[in-house]
Amino acid sequence: MNTGLEILAQVTVNGIAVGAIYALVAMGIVLIHKATEVLNFAHGDLLVLSAFSAWALIHHAGLPFWLVLPLVGLGIGALAYGLDAVVVRRIAGQPQFAGVMLTIALAFMIRGAVSMGFGTESQSYDTPWSGQTTDLLGVAVADLSLVIMGVVLLIAAGLWLFFGKTRLGVAMQAASQNQLAAHLNGVSVKRLNSLVWALAGVTAAIAGIFLAPLSLVDTSLWLITLKALAAIVLGGFGSLPGAVIGGLLIGLIEQYAGVYLPDGSRDIAPYVVLIVVLILRPRGILGEAHGRRV
């Protein structure tokens, strides 16, 4: 294969793998916002906590990756459930700005707790696929990238089946669309909202566990929240499929810009595209129009 085509293929695979992580984080944020109308700025810090927890369990407790994955996922899910049940629920009915400020405060608290508990130095750990590659049409693709793409695809399909085919998922959708009507029909809205937070917490944990080997276990991983928010706006605010599409596009744009455009373009290219989309199509790719004429 031509060297230029090899580079293009490699960059594309890397972009999809990184974009899949962005999509997973974006889906968690969308889940919470659809259910509770709270924009959770602490989501990225739950991801940071999960990455450091996985590192500690692998390096200090000596646990295998396959055991660490469910343990951290369940732990972060339980923490997210508690955050909603004990803290976030207290501001129900308050202006959205109150939710924004509360989750920002929670983000700083979680980040500070991580720094105190695990230290501020960057760490790393291996997965069963670290250092392994698979030849696809003459291109060496990292097995970890393939696994990440597969995991995100399975989670997206699982969420689609859960919300469309199960009673609990349908009840969650009903509560997210009209909480009063759902409550009058016997749905425990408060419990469902906490379960949505727990579900989003599990997605954050999985994203953190798989993102850390691609970069480093570091408190700066919370910045992925900004990429996820860009993905949400690009795909269409409130749309789970839009979050997936937006995440993949942000990942691809970022990787292409880093290789084919001048230095520094990688950091700004996704947001340039985002601004263009907001100007030309404010509701995003799959978002619904909610504007009004004035």
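The values are calculated or read from the model by the stated rules, or taken from the named source; none is laboratory data. From a predicted model like this one, the values you see are computed outputs, not experimental measurements. Reconstructed Cβ throughout: ideal geometry from the backbone, glycine too, with neighbour counts over all protein chains shown.
Counting only residues that are closer than 25 Å to N193 by Cβ and either modelled with pLDDT under 90 or surrounded by 15 or more Cβ atoms within 10 Å (Cβ to Cβ) (or both), the range 105-120 holds 4 of them. Could you please let me know if T12 is hydroxyl-bearing (S, T, Y), crowded, with 18+ Cβ neighbours inside 10 Å and either over 27 Å from S188 (Cα atoms) or in contact (Cβ under 8 Å) with a residue 12 or more places away in the chain (or both)? In short, no. Among the residues making up the range 272-294, a single one is of a type outside the set (A, V, I, L, M), at pLDDT 80 or above, crowded, with 18+ Cβ neighbours inside 10 Å and out of contact with any His (no Cβ under 9 Å at 6 or more places or on another chain): G284.
For every residue, the table says whether it meets (1) part of a helix (DSSP H, G or I); (2) over 30 Å from R89 (Cβ atoms); (3) not β-branched (V, I, T).
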position	(1), (2), (3)
T203	yes, no, no
A207	yes, no, yes
P213	yes, yes, yes
W222	yes, no, yes
T225	yes, no, no
I275	yes, yes, no
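The conditions of being in contact (Cβ under 8 Å) with a residue 40 or more places away in the chain, closer than 18 Å to S130 by Cβ and of a type in the set (A, V, I, L, M) are met by A17. Residue count for the range 121-176 satisfying the condition of being at pLDDT 85 or above and either buried (at least 17 other Cβ atoms within 10 Å of the Cβ) or of a type outside the set (S, T, Y) (or both): 28.
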